[in-house]
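Some notes on the structure that comes next.
The values are calculated or read from the model by the stated rules, or taken from the named source; none is laboratory data. In this text, all values refer to a predicted model and were calculated from it rather than measured experimentally. Reconstructed Cβ throughout: ideal geometry from the backbone, glycine too, with neighbour counts over all protein chains shown. Heavy atoms of the whole protein, side chains included, go into the accessibility calculation; ligands, DNA and RNA do not. Shrake-Rupley method; radii C 1.70, N 1.55, O 1.52, S 1.80 Å.
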Amino acid sequence: QVQLVESGGDLVKPGGSLRLSCAASGFRFSDHFMTWIRQPPGKGLEWISYISSSGDIIYHADSVKDRFTISRDNDKKSLYLQMNSLRVEDTAVYYCANVAGSSIDYWGQGTLVTVSS
Amino acid sequence: DVVMTQSPLSLPVTLGQPASISCRSSQSLLHSDGNTYLSWFQQRPGQSPRRLIYKVSNRDSRVPDRFSGSGSGSDFTLKISRVEAEDVAVYYCMQGTHWPSLTFGGGTKVEIK
């Protein structure tokens, strides 16, 4: 069955960096657009980044543009999110998800990023 | 950017009674390919979201048939025909028509009266 397992969440100080990973299994990873979505504690969902199946098309939401970078390694069936210049407002659970038919098929369990001094 | 507005924010429902959630978009979600990319997600307490409905009215496998989606253009509805205890959750609509953004509604919390 489809599994998406995020890792890398941690407590980090404002201005710091963190790299999230997402290990995929149970589907043809290299065929799918992938995305990161976040959810601040007690709040709603916010799409932040996606990447095409080959990695040649990338988009980031304005809220993270120039600070976050999405990437993937199809050989390792893994998705990544490099987060730099972290702010308190980036505190959230970060979900990895696959995109199919302009919708989201499956979600990971999420990894918590806390930005605090 | 497309704005997705859900109502109500909170929906207390008696077990066995119907529930209805509205989702409105600031622009039409009809894509030039003829499809309307409006999805609904359920997020139970402490869990990740899971998709219930895609392209307005297509139910995902293993989703009970008491859930149904309808609508067109910029006005959409998720209905639960008879609410059960396991339906307590926050429900989100999401548009996938206007790339590069995927936009979510603010969520509707369904709870039991």
key: Subset of the stretch A:14-48 that is at the interface with chain B (Cβ under 10 Å from one of its Cβ atoms) and of a type in the set (S, T, N, Q) - its residue that is nearest to B:GLY107 (Cα to Cα)   = A:GLN39
query = Of the residues B:ASP33, B:ASP1, B:ASP60, which single one is of a type in the set (Asp, Glu), surrounded by 14 or more Cβ atoms within 10 Å (Cβ to Cβ) and within 10 Å of chain A (Cβ to nearest Cβ)?
reply = B:ASP60
key: Residue among B:ARG50, B:ARG82 that is modelled with pLDDT of 95 or more, farther than 30 Å from A:ASP62 by Cβ and open to solvent by 20 Å² or more (accessible area, probe 1.4 Å)   = B:ARG82
query = Is the stretch B:67-80 home to any residue that is within 20 Å of A:GLY108 (Cβ to Cβ) and among the hydrophobic types (A, V, I, L, M, F, W, C)?
reply = no
request  = For the stretch B:27-113, please list each of the strands (runs of 3 or more DSSP E) lying entirely inside it that holds at least 1 residues being of a type in the set (A, V, I, L, M).
outcome  = B:38-43, B:50-54, B:75-80, B:89-95, B:108-112
request  = Could you please find all residues in the stretch B:88-104 being within 15 Å of B:ASP1 (Cβ to Cβ) and more than 8 Å from chain A (Cβ to nearest Cβ)?
outcome  = B:GLN95, B:HIS98
